[in-house]
1. Over the alpha-carbon set of region 145-184, divide Rg by the Kirkwood Rh and report the Rg/Rh ratio to two decimals.
2. Could you state the angle between the C-alpha long axis of helix 62-72 and the longest principal axis of the C-alpha atoms of the chain, as a value from 0 to 90 degrees rounded to the nearest 10?
3. Assign unit charges at the C-beta atoms only (+1 for Lys and Arg, -1 for Asp and Glu), then state the dipole size of the chain relative to its Cα centre in Debye, rounded to the nearest 20.
4. Using the structure shown, select from Lys2/Lys82; Lys80/Lys186; Lys53/Lys81 the pairs with a Cα to Cα distance greater than 24 angstrom.
5. Out of all DSSP beta bridges with both ends in the chain, state the antiparallel percent to the nearest 5.
6. Which order do the peptides 136-145, 175-184 come out in when sorted by mean C-beta neighbours inside 10 angstrom, highest first?
7. Rounded to two decimal places and with Rh computed the Kirkwood way over Cα pairs, what is Rg over Rh for region 1-124?
8. For the chain, what is the accessible area per residue in Å², given a 1.4 Å probe and the full set of protein chains?
Amino acid sequence: MKALKDRILRDGKCFEGGILKVDNFINHQMDPILMKSMAVEFVRRFASTKINKVLTVEASGIAPAIMVGYLLELPVVFAKKKKPSTMDNMLITTVYSFTKNNNYDVCVSRDYLQPGDKVLFIDDFLANGNAAKGIIDLVNQAGAELVGMGFLIEKSFQHGGDFLRGQGIHVESLAIIESLDNCNIKIKD
């Protein structure tokens, strides 16, 4: 998606260790016009897919997931990183965070992720695929069906996308970063 790629090159910041910072337009301060355009592109790319629920992980996936849910007129569920005291009957899995270098549990109520659901997962980044693997586990625990995964930005050099595609999952990434070597952002055409 050209608008996203251009914005990454213009406003994205690279840090040592393969970190791409896009917090001035995606995951801290958000550009709602760009967010809407990205959601429209996801709707186009998953147009032939039967979906009845959009799922994400808090917090950075919530904005794009809500936009996609709004356009598809579907409910959006986000897996929580802390178990609320009011939640029971939950599904839980452990995810490793590349950015924060630690494990955390994510949970979702069985009331909102159920057998028969056809789930589209939307998130901001795909790197090693750890959050995606956690979502796959939650969807499987629920007896639901994962019908696709959409990511704003994929870091292909970290191979999470290779793993997911190798599992036969329909993966769509709006911008694919081939390299961040020497803090030079190289995007796949």
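1. Numbers: Rg = 11.3 Å, Rh = 10.8 Å.
For region 145-184, the value is 1.04.
2. It is inclined by approximately 70 degrees.
3. Details: 23 positive and 22 negative charges, 23 e Å.
The dipole magnitude comes to about 120 debye.
4. On the way: Lys2/Lys82 36 Å; Lys80/Lys186 32 Å; Lys53/Lys81 19 Å.
Over 24 Å apart, Cα to Cα: Lys2/Lys82; Lys80/Lys186.
5. Values: 14 of 35 bridges.
In the chain, DSSP labels about 40 percent of beta bridges as antiparallel.
6. Numbers: 136-145: 17.9, 175-184: 15.6.
My ranking of the peptides, most packed first, is 136-145, 175-184.
7. On the way: Rg = 15.8 Å, Rh = 15.9 Å.
In region 1-124, Rg relative to Rh is 0.99.
8. On the way: 9590 Å² over 189 residues.
Here the residues of the chain average 51 Å² of exposed surface.
The values are calculated or read from the model by the stated rules, or taken from the named source; none is laboratory data. Model, not experiment: these values are computed from the prediction. We place every Cβ from the backbone using ideal geometry, glycine too, and count neighbours over all the protein chains shown. In case anyone asks, the SASA skips ligands and DNA or RNA and just uses the protein heavy atoms, side chains included. Shrake-Rupley method; radii C 1.70, N 1.55, O 1.52, S 1.80 Å.
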